[in-house]
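Here's the structure, in structure tokens; my notes come after.
The values are calculated or read from the model by the stated rules, or taken from the named source; none is laboratory data. Please read these numbers as outputs of a predicted model, since none were measured by experiment. Cβ: placed from backbone, ideal geometry, glycine included. Neighbour counts: every protein chain shown. Note: accessible area is taken over every heavy atom of the protein model, side chains too, but ligands, DNA and RNA are not part of it. Shrake-Rupley method; radii C 1.70, N 1.55, O 1.52, S 1.80 Å.
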Amino acid sequence: MSTDNQEIGAETRVQGSTISATQSNQVLNSRNPLEDPSDPYYLEHGDNPGNILLVISVKNKLGFLNGSIPKPHISEYNLYNAWIRNNNIVISWILNSVSKEISSSLLYDESAATIWTDLKIRFHQQNGPHIFNLRKNLMNLRQENQTISMYYTRLKTIWKELSNYRPNCTCNGCTCGGVKRLQEHHHMVYIMSFLMGLLDHFSQIRSSVLLMDPMPEANRVFHLVTQEENH
């Protein structure tokens, strides 16, 4: 009889611990995401509608912009309301980042992700003329009466903006080395653009760089040409 009582007591203790663990999980799962600073749903005092879209990544709200955080079902009361508040905040950041003419056409969209997709479609169509002008500026860029530092800075600015329109591999599954060779090619074109715009009295250092194999990094080439300028 005592053995039976011990078994019942042990079972009760096990059940009690199981119930306690379950209750703890329920409490954990029901925690308001607005109270967890690491959660995208969390809103700080600085997350106000007056900000602009540049803070989107810093504020951990990118998921509301690209749609990777979908709208929860209304039955998930806390999560649903948190999503609504965050979505509205991100929409206000978008509207503060575009002109009044553009923002007026976005006022009736209810999702930040929908607005962002709309903007990408609109402005993607205007990339062609902008890329053309950047390419043209790059081809016509010459050192002329600028210092090497000034010339290199102008070249770097144009090149970086052009790189924003260059497609990139995102699968991280390349096994043939094609991505690496493509990057090396773009690097070579960058160096060539820099060398072509130099004044003629840099012809010797230009020839020396072109004979190097592999071609050095852009900062190294800039340093070599700057040394020649100082001499």
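Here are the numbers for this structure:
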read-out	value
Cα lying deepest toward the dipole's positive end in segment 100-198, options Leu107, Asn127, His185, charges on Cβ	His185
Estimated distance in nm for a label pair at His45 and Lys180, the labels positioned 7 Å out from Cα along Cα-to-Cβ	5.2
Accessible area of segment 61-118 belonging to carbon and sulfur atoms, whole % at 1.4 Å probe	56
R0 of 35 Å, Cβ-Cβ distance Ser149-Asn66: FRET efficiency to nearest 0.05	0.35
Full-extension gain in nm, Asn219 to Leu199, via 0.36 nm per residue minus C-alpha separation	5.3 nm
Solvent exposure of segment 91-155 as accessible area per residue, Å², 1.4 Å probe	66
Rg ratio (alpha-carbon, reference 2.2 N^0.38 Å) - segment 129-231	1.18
Simple label model, 7 Å out from Cα along Cβ direction - Asp36 to Glu228, nm	5.8
